[in-house]
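To keep things clear, I will list the structure first and then write my remarks on it.
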Amino acid sequence: MSQQVQGVIAPGKNQPVRVETIVVPDPGPGEAVVKIQACGVCHTDLHYKQGGINDDFPFLLGHEASGIVESVGEGVTDVAPGDFVILNWRAVCGSCRACLRGRPQYCFNTHNAQQKMTLLDGTELSPALGIGAFAEKTLVAAGQCTKVDPAVSPAVAGLLGCGVMAGIGAAINTGNVGRGDSVAVIGCGGVGDAAVVGARLAGAAKIIAVDIDDRKLATARTMGATHTVNSRSQEAVEAIRELTGGNGADVVIEAVGHPETYKQAFYARDLAGTVVLVGVPTPDMTLELPLLDVFGRGGALKSSWYGDCLPSRDFPMLVDLHQQGRIDLGAFVTETIALDEVEQAFARMHEGDVLRSVVEF
């Protein structure tokens, strides 16, 4: 029997979000219903609200979440009712060419629940990233549920479902930061600070945080940045080069998603260095670089999609590191809020006042 719960929807482009009654069907084959315990307010949800992803309104927002599996459909064996899980938006298929080559983190056929959640009048909802977790309960594909130690705080665990994993993975998985490397991170919001944490975890000797907000730079230092650059008062490329002996950083992580900051990342890297784009651009953005510079500088220009993570491998590992005190995931939680405070949380995010607001249920 279907259930009625409260959830946050984005009704139309740039319209204020609102709490509505959501109809959640029983799980079908390969699906699970999860009782949400916590869900972070991620910039991607704001992109959905602004129409920056697509125009499949209304959206059921929220995707950076953790909770308890309530029920599962036919054929589900990897999770069971009562399991504490982090929701992920990379449910690997196991049969595409990437999976068959042993690279499931690049799966081309990730999947979501087949059934639709709806409003009371039957209007079908588009769940953000196939999850829709600004809701008391949500329906997902069972493969989107990753079991982790239930002793971890739900508010902390949920952040691995998107932003924190994206940043840490951009450094460790995509950027392949190694011991003794120099790393620059441009953009010190939640994802950028997570990249700082990832670089420190990987053993980087020098971690340069770049932003236009001194508050964010101060926070980046607490996360592990060894140097900071305010690019309002300093030219970012020159500053990064000066801090790296005139060479540029071995790895530069762009966590803004803007052509201008990407160019800064490109020219701030050492010869044969690596640029990692983890910031999410909008569909209208374009990039122009001299092809001779692309050729002549060598190295690698990479995009990091979800931190190139494999949830079944990376989520439990990072939870373990947090519980051992080797990384402090709790430092990303600025505030906990109620379901009806998401619109205000978007405003605080836009103003740079928070790393993460987390809805707790």
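The values are calculated or read from the model by the stated rules, or taken from the named source; none is laboratory data. Keep in mind it's a predicted model, so treat the numbers as computed, not measured. Cβ: placed from backbone, ideal geometry, glycine included. Neighbour counts: every protein chain shown. Just the protein is used for accessible areas: all its heavy atoms, side chains included, with ligands, DNA and RNA removed. Shrake-Rupley method; radii C 1.70, N 1.55, O 1.52, S 1.80 Å.
Some notes on this structure:
- Look at segment 286-301: where a residue is farther than 25 Å from ASN173 by Cα and in a loop (DSSP other than H, G, I, E, B) and a partner is at pLDDT 95 or above and open to solvent by less than 50 Å² (accessible area, probe 1.4 Å), sitting 6+ places away or on another chain with Cβ atoms under 9 Å, you get THR286/PRO259; GLU288/PRO259; LEU289/TYR262; LEU289/PHE266.
- Any chance HIS258 is within 18 Å of ALA170 (Cα to Cα) and without any contact (Cβ under 8 Å) to a residue 60 or more places away in the chain: yes
- The C-beta contact set for segment 4-32 (first residue under 19 Å from TYR48 (Cα atoms) and touching a residue at least 24 places away in the same chain (Cβ under 8 Å), second residue of a type in the set (Val, Ile, Thr) and assigned to a loop (DSSP other than H, G, I, E, B), distance under 6 angstrom, 6+ apart or interchain) comprises VAL8/VAL17; ALA10/VAL17.
- Selection within segment 129-151 - open to solvent by less than 10 Å² (accessible area, probe 1.4 Å) and in a loop (DSSP other than H, G, I, E, B): ILE131, GLY132, ALA133, PHE134
- If only residues of segment 324-361 that are within 16 Å of ALA38 (Cα to Cα) and polar (S, T, N, Q) are counted, the one that is least open to solvent (accessible area, probe 1.4 Å) is SER357.
- Of all residues in segment 156-186, those that are open to solvent by 10 Å² or more (accessible area, probe 1.4 Å) and over 23 Å from GLN105 (Cα atoms) total 4.
- Enumeration of residues in segment 201-223 that are within 20 Å of GLY180 (Cα to Cα) and either open to solvent by less than 20 Å² (accessible area, probe 1.4 Å) or among the hydrophobic types (A, V, I, L, M, F, W, C) (or both): LEU201, ALA202, ALA204, ALA205, ILE207, ILE208, ALA209, VAL210, ALA220, MET223
- Lone qualifier among PRO27, PRO11, PRO16 - being open to solvent by 20 Å² or more (accessible area, probe 1.4 Å) and within 24 Å of PRO154 (Cβ to Cβ): PRO27
- Strands (runs of 3 or more DSSP E) enclosed by segment 195-283 - at least 2 residues per element that are under 25 Å from CYS309 (Cα atoms): 206-211, 249-254, 269-277
- The residue that is farthest from the chain's Cα centre (by Cα), counting only those in segment 304-359 that are more than 21 Å from THR219 (Cα to Cα) and part of a loop (DSSP other than H, G, I, E, B), is GLN324.
- Looking across segment 255-270, the residues that are open to solvent by less than 30 Å² (accessible area, probe 1.4 Å) and either β-branched (Val, Ile, Thr) or touching a helix residue (DSSP H, G or I) at 6+ places or on another chain (Cβ under 8 Å) (or both) come down to ALA255, THR261, PHE266, ALA268, ARG269.
- Residues of segment 289-317 that turn out to be loosely packed, with under 12 Cβ neighbours inside 10 Å and touching a helix residue (DSSP H, G or I) at 6+ places or on another chain (Cβ under 8 Å), as a count: 1
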